[in-house]
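Presented below is the structure to which this report refers.
FYI, it's all coordinate maths here, none of it is from the lab. No experiment lies behind these values; they were computed from the predicted model shown. Glycine also receives a Cβ, built like all others from the backbone with ideal geometry; neighbour counts cover every protein chain displayed.
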Amino acid sequence: MKKLLTAISVALFVGVTATPAIAGPAEDANAFREYFKKRFPDIPFDDYINGVYAVNAGAREQWMAIEEFPPYQIAIDEGKKLFGTPFKNGQTYGSCFSNNGVGVADEYPMFDSKRGEVVTLELAINECRVKNGEEPLPWSKGKIASILAYMAFTTRGKKIDIKVPDDKALAAYEDGKRFYYARRGQLNMSCAHCHVDNAGNNLRANTLSPALGHASHWPVYRSSWGDMGTLHRRFQGCNEQVRAKAFKPQGKEYRDLEYFLTYMSNGLTWNGPGARE
Amino acid sequence: MRKPASIFATSTGAVLLLGSAFLTPVVAAEATLAETGKAVAEDRTKGNCFACHDYPGAVLPGNVGPKLMNMKARFPDKAKLRAQIYDATKNNPNTIMPPFGKHRILTDKELDAVVEWVLTL
């Protein structure tokens with residue numbers, strides 16, 4: 001265990017010192033895009049929102065057939081119904097969001113400077129419930145995923161434009177970035193090892209999806225789950241696959257990670273909900 | 001009666017006995033260890049080598065790591081091969097390859113067996 005911790009702290013240290021003082025989020029995002037442009041010269045920037053299907057033509061064909069009758073449609077319908085159903089006090093979800101909650105999922109994840117933390121759409125949904133005297137929903141699947149699916153669907157077509165407004169926001173962004181590049185787990189891998197360095201390569205028969213565009217299409221109906229899940233559910237799965245202990249959904253670690261990862265996709269189009277293998 | 005019994009009880013003893021029967025003790029011993037290594041290598045909870053490496057006979061292999069071939073020529077020094085599997089970050093700090101020995105993904109015995117198997121490729 002001590003060795004593991006040492007390995008992680010060394011990775012963290014390297015991550016910090018490897019960042020030149022002048023580089024900020026905008027430079028990072030630009031370097032990210034340039035890296036993928038070099039790695040996949042034939043893939044148009046806008047196609048990265050399609051994840052692994054941007055880099056694997058065979059899988060793309062199957063996926064397009066699935067999209068004819070999307071498995072997430074039921075969730076959108078259920079989400080719309082839940083979203084429009086008043087709480088016991090007569091208020092609705094819409095009262096907690098701008099534009100009555102329609103087409104505004106792109107405002108999240110956002111850094112709330114007053115609170116000094118990243119607020120995700122899941123967090124905003126559950127805080128809306130609690131404010132109106134309801135119990136919060138479980139974080140990773142089920143009803144919350146359906147509400148997310150409806151809100152994402154009404155936001156389709158808008159551009160990802162995450163902001164880092166101040167120094168506290170920058171600190172959250174840097175924490176997310178450090179998480180992304182830090183080795184973890186018994187298998188000693190970082191997120192970037194698979195989804196940056198080896199994007200497009202095969203792990204056994206599975207193609208590794210590129211990190212660029214990873215945040216555009218949530219929640220996702222994942223065939224291997226058999227239902228809808230959130231981005232943080234996927235983070236947990238990835239962490240467990242490298243034999244690391246997963247963090248709690250909507251804890252600071254994953255909210256900061258989502259903040260960094262979504263910022264990296266700035267300029268791409270929101271296209272949630274999605275369907276994946 | 002005690003002595004033969006203790007010979008049967010150890011695997012070394014069993015191999016020696018087999019070896020004397022077939023008159024090829026060294027080859028028989030190595031084949032057994034390499035076979036054990038192959039089983040460890042192809043166990044998804046252990047080596048899981050084909051997740052990343054192709055090699056002759058690998059089923060649906062990945063292509064994250066280099067193809068395993070001519071391994072005896074590439075690693076004339078067995079200790080170097082073992083060290084590479086034990087902790088590949090020593091040679092390449094940014095490698096994706098898990099440190100199979102350092103992180104106790106494999107036991108020392110399993111590691112030795114995998115080394116023997118890799119050298120047959």
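When all C-alpha to C-alpha distances in the protein assembly as shown are sorted into bins of 10 Å, what percent of pairs does each bin hold, rounded to whole numbers?
4, 19, 26, 22, 13, 7, 5, 2, 0, 0
Considering only C-alpha atoms, what is the centroid distance from region A:125-171 to region B:56-108, in Å?
Answer, in whole Å: 43.
Using Cβ contacts closer than 10 Å as the measure, can you line up A:238, A:194 from fewest to most?
Details: A:238 16, A:194 20.
Listing A:238, A:194 from fewest to most nearby Cβ atoms yields A:238, A:194.
Quick one: net charge around residue A:160, please, counting Lys, Arg +1 and Asp, Glu -1 for every other residue with C-beta under 14 Å from its C-beta. Could you put the intermediate results ahead of the total?
Numbers: positive: A:33, A:156, A:158, A:159, A:163; negative: A:46, A:106, A:107, A:161, A:258.
Once all neighbours under 14 Å are counted, the net charge is 0.
Can you sort B:55, A:173 by how many other beta carbons sit within 10 Å, fewest first?
Details: B:55 18, A:173 21.
The fewest-first ordering by Cβ neighbours comes to B:55, A:173.
Using only Cα atoms, find the angle between the long axis of helix A:231-241 and the longest principal axis of chain A, and express it within 0 to 90 degrees, rounded to the nearest 10.
40
Tabulate in residue order the Karplus-calculated ³J(HN,Hα) for region B:46-58, using 6.51 cos²θ - 1.76 cosθ + 1.60 with θ = phi - 60°, rounded to whole Hz; enter x for Gly and Pro.
After applying 6.51 cos²θ - 1.76 cosθ + 1.60, I find 10, x, 6, 4, 6, 4, 10, 10, 8, 7, x, x, 6 Hz.
Ranked by Cβ crowding within 10 angstrom, fewest neighbours first, how are A:69, A:97, A:247 ordered? Spell out each step's value before the answer.
Values: A:69 7, A:97 21, A:247 17.
With the sparsest Cβ surroundings first, the list reads A:69, A:247, A:97.
Relative contact order, percent, of chain A when contacts are C-alpha pairs under 8 Å separated by at least 6 residues? Please list the in-between numbers first.
Working: 464 pairs, mean separation 74.5, N = 277.
Relative contact order here is 27 percent.
Return the long-range amide H neighbours of residue A:277 (sequence gap of 5 or more, or a different chain), with a cut-off of under 5 Å between placed amide H atoms.
Long-range HN contacts for residue A:277: A:223.
With Cβ to Cβ distances under 9 Å as the rule, what net charge do the other residues near residue B:100 carry (K, R +1; D, E -1)? Intermediate values should be presented prior to the final figure.
On the way: positive: B:46, B:102, B:104; negative: B:87, B:110.
Spelling it out: positives minus negatives among the neighbours equals +1.
To the nearest 500 deg cm²/dmol, what mean residue ellipticity at 222 nm is calculated for the protein assembly as shown from DSSP H runs of n ≥ 4 alone, each contributing -39,500 (n - 2.57), summed and divided by the residues? List each step's numbers first, then the result.
Numbers: 16 runs with 182 residues, N = 398.
Here the helix-only value at 222 nm equals -14000 deg cm²/dmol.
Quick one: 3J(HN,Hα) in Hz for region A:134-148, Karplus 6.51/-1.76/1.60 with θ = phi - 60°, rounded, Gly and Pro as x.
Once θ is set to phi - 60°, the couplings for region A:134-148 become 9, 6, x, 7, x, 6, 9, 7, x, 4, 5, 5, 5, 5, 4 Hz.
Given the peptides A:142-154, B:62-74, arrange them by the average over their residues of other C-beta atoms within 10 Å, most packed first.
Values: A:142-154: 23.8, B:62-74: 14.5.
Peptide ranking by packing, descending: A:142-154, B:62-74.
Does anyone have the angle between helix A:73-84 and the longest principal axis of chain A? Alpha-carbon axes, 0 to 90°, nearest 10?
Its long axis makes an angle of about 50 degrees.
Lone cysteines in chain A, defined as no other cysteine's Cβ under 4.7 Å from theirs: which are they?
Among the cysteines of chain A, those whose Cβ sits 4.7 Å or more from every other are A:191, A:194, A:238.
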